[in-house]
Structures are given as structure tokens and as C-alpha cells.
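See structure below.
The values are calculated or read from the model by the stated rules, or taken from the named source; none is laboratory data. This structure is a prediction, so every number in the text was calculated from the model and none was measured. Positions of Cβ are backbone-derived with ideal geometry, glycine not excepted, and every protein chain shown enters the neighbour counts.
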Amino acid sequence: MFSGPPADPATPIPPPTSAGSVPCPGEIPGRAVEPTPARRAWTAPLLLGAAGLLALLIALFGPGLMARGTGELRIPGAGLTTVLRTVLFAALALHLGELVAPQLIRPVRGRPRTAVRSWAVLASLGGAAAAAGQIVRLAAVSDLGITETYATREGGLLLLIANGLVVAALCAASRRPALALAPLAVVIGAEALRAHPEAYSPEFGAALTVVHLTAASLWTGGLLYVLRTMWLWRGSPVAARALLGRYARLAIWLYVALAATGTASTLRRLPLDVVFTSAYGRTLLLKLALMAVVSVLALAARRRMLRDTDPAVAHRLARREQVVLGLVVVVSAVLTVVPDPHWISLRP
């Protein structure tokens, strides 16, 4: 008995996809099945959610894990402080990015006339709330009243930071949002002074932090604004590619500033004999590893941008760079919470 007509000898028989399996309808044998649009739509939120959860875990438990076995004193509320400072750093990055990135957009020829929605007001208000939260935590840890906390050096600087961010939010909501540059500069200066209470050359350390924090905020916030704009311009690939190219040229100088100030701060603040035995040294090594990943992704995105006319691949690499930069912000917040490594150094 025959189950059907004889097969055409000229027609090749497709090999099974696996032992005992048969190719699905519409599947081309020997070729990987590309993810469907529905699958791609779920991938990005899942990855962002996983990255957000990882960032929260690093902020909450990072200071304690980094200080384990070092013999350093435990800092009360270190996890909460790290979360609050992460919010503060993110607020600076978002607001500064929105002030600088539009300058890269205006010269792009043939660009669409649409613009992304501003997050500056919410970002600065969130940063002000984070600074106020640090004041409350400082008062609780020091067993002082709020008014008495304002009289301390750290409390006074945190109050200046909170007020500066509120003023920046008001400027962002006005008809001249560029005025926010002044209060944001005050915030960065106050944060740099707050981060350097040590007795050895605090002015030099604060100056390095001003440049480092400004460059890091422009890199992180500017990239986020550019990526949001590129997604809005996905129907105009030529304009999107030109925008990414303009940002890449700016990012080179920001990277140089970050590398120079980061190296100088490390040589100044971290004794070589406690690189692996202090929480500060371990956290710094983690930050350097993440920055190496960021550098690789940035170079890969730039190469694809120069090679391909379609910016889709470069955009995807830049999105991954943005995610890793978010983790760098969290680790940087941990770095401002862990103890000064000079306390356990054997060097006089």
C-alpha cells in the first residue's frame, strides 16, 4: 500500500532539526529562528528589571559585602545611604544630560521635529528628596535633632544640595530651563566637599570630584537622552546615526576627563597596601571592571556606527552601555559610603 505519490528525485529531503523531530511549518532547515517581535518586546523590560534588581541589591548589601573581613568599622545604615546617594547621582545625570544633549541635536540635518519628554523636574525633585533623606538618616545616627543636624558640616552641605536641586527643578519648569546650570553647579560643588572631609588636601580632592562627577553625569545622562531621542527618530535612521556620532565625539573627551581624575583620586586616596584588604579598594576594583565593560561596548558601538548606515546595531550596543553605566553609578555610590582606607593602611 502507498501513503502518497512518489517523491520527486530532484527535491532534497530536509534533515531533521534534532533526533526524531520534524521542522515546523514555515521554518527553514539549518537556519536559526529569529525572535518574533512579541518576544523582543518582552526581552527589554525583563533585562531592565533584572538590571534594576541587581542595582538595588548592590546598593543595599554592597557596603557590607565589600567590608567583610577587612576589620573596618561597620557604618550604620550604609545600605540605605547608598540607595539615597544613587538616587542623587542619577538625578544629577538626568538633569545635566537634558541640558547638554539638546545642543547635540540642534545641528543634525533633516532631523524630525519631535522631542522626548523632559524628566528634569521629577529627577531634581527626587534628588532633593534623597538629600533630605540623608539628613534624616544623619540625625537618627547622630542622635541629634534636625535643626542641630543642619549645624554640622555634612548636614549643612546636604541641606545646600537639597535646596539647590529644588531650585533646579523650578528652573526646569520655567521658560528658561538653562538657568538650572547654576544651582546644579552648586549641588556638585557641595557634594564634592561633603565627600572629602579628610584632613589631607581636601580641596584638591574636592576639585577632582567636581570634574569627575560632572563628566560622569554628562556621559550617563547625555547617553540616556540620546538613546531616547534615537528611539523617537527610528523612522529617520540617517538623523539618528548623525546624532549618535555627535554624542560619541563628546563622549571621548568625557572619558578622558573621567580617566584622568579617577586615576589621580585613586593615587591620592588609596594606599597600595590595602587595595585588596579594604572596602574602598575592593569597590574601586569592581568599578574599574564595570568601566572596562563600558569601554568595550562604547568602542563596539562606535565601530558599528562607522561601518553600517543603519544605526540599529549601534543603538543596541549603546543601550547595553547605558545599563552597565547605571551599575557604575550604584557602585560609585557605594564608594562614597565605605570607610576611608587610610584608617587601616600600614603606611604612616
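Determine which member of the set ILE188, ILE135 is among the aliphatic types (A, V, I, L, M) and either at pLDDT below 90 or under 18 Å from ALA216 (Cβ atoms) (or both).
Going through ILE188, ILE135 in turn, the sole match is ILE188.
Is there a residue in segment 307-324 that is at pLDDT 85 or above, in contact with a Ser or Thr (Cβ under 9 Å, 6 or more places away or on another chain) and either assigned to a loop (DSSP other than H, G, I, E, B) or over 30 Å from ARG234 (Cβ atoms) (or both)?
No, that holds for no residue.
Show the residue pairs meeting these rules: Cβ distance below 9 Å; 6+ apart or different chains; first residue within segment 214-231 and among the aliphatic types (A, V, I, L, M); second residue crowded, with 24+ Cβ neighbours inside 10 Å and not in a helix (DSSP H, G or I).
Correct list of pairs: MET230/PRO311.
Restricting the search to segment 49-69, which residues are free of Cβ contacts under 8 Å to residues at least 24 places away in the same chain, assigned to a helix (DSSP H, G or I) and either under 13 Å from ARG282 (Cα atoms) or β-branched (Val, Ile, Thr) (or both)?
Passing the criteria: GLY64, LEU65.
Anything in segment 246-281 that is of a type in the set (Ser, Thr, Tyr) and either at positive phi or assigned to a helix (DSSP H, G or I) (or both)? List them, or say none. Full working, then the answer.
Pass one, segment 246-281, residues of a type in the set (Ser, Thr, Tyr): 247, 255, 261, 263, 265-266, 277-278, 280.
Result: TYR247, TYR255, THR261, THR263, SER265, THR266, TYR280.
Can you name the number of the only condition in (1) in contact with a Lys or Arg (Cβ under 8 Å, 6 or more places away or on another chain); (2) surrounded by 21 or more Cβ atoms within 10 Å (Cβ to Cβ); (3) of a type outside the set (Asp, Glu) that THR220 fails?
(1)
Filter segment 284-326 for residues that are β-branched (Val, Ile, Thr) and within 20 Å of GLY52 (Cβ to Cβ) and give the result.
VAL293, VAL294, VAL323, VAL324, listed by residue number.
Within segment 260-308, count every residue that is within 17 Å of VAL323 (Cα to Cα), touching a residue at least 24 places away in the same chain (Cβ under 8 Å) and of a type in the set (A, V, I, L, M).
8
Any idea which of ALA78, ALA51 is under 26 Å from GLY189 (Cα atoms), modelled with pLDDT under 90 and in contact with a Gly (Cβ under 8 Å, 6 or more places away or on another chain)?
Answer to the check: ALA78.
When you scan segment 135-153, how many residues do you find that are β-branched (Val, Ile, Thr) and closer than 16 Å to GLY79 by Cα?
3
Which of the numbered conditions does ARG106 fail, given that it passes all the others? Conditions: (1) out of contact with any Gly (no Cβ under 6 Å at 6 or more places or on another chain); (2) modelled with pLDDT of 95 or more; (3) of a type outside the set (Ser, Thr, Tyr).
If we test ARG106 against (1) out of contact with any Gly (no Cβ under 6 Å at 6 or more places or on another chain); (2) modelled with pLDDT of 95 or more; (3) of a type outside the set (Ser, Thr, Tyr), just (2) comes out false.
Find the residue count for segment 191-223, including only residues that are assigned to a helix (DSSP H, G or I), over 21 Å from the mean Cα position of the chain (by Cα) and of a type in the set (A, V, I, L, M, F, W, C).
Summing the residues that are assigned to a helix (DSSP H, G or I), over 21 Å from the mean Cα position of the chain (by Cα) and of a type in the set (A, V, I, L, M, F, W, C) in segment 191-223 gives 4.
Which pairs turn up if I take residues in segment 96-120 that are within 13 Å of THR229 (Cβ to Cβ) and look for partners that are of a type in the set (Ser, Thr, Tyr) and loosely packed, with under 11 Cβ neighbours inside 10 Å with beta carbon separation below 9 Å, at least 6 apart in sequence or on another chain?
Going by the 9 Å Cβ cut-off, there are no qualifying pairs.
Look at segment 95-151 and say how many of its residues are among the aromatic types (Phe, Trp, Tyr) and within 28 Å of the chain's Cα centre (by Cα).
Residues in segment 95-151 being among the aromatic types (Phe, Trp, Tyr) and within 28 Å of the chain's Cα centre (by Cα): 1 in total.
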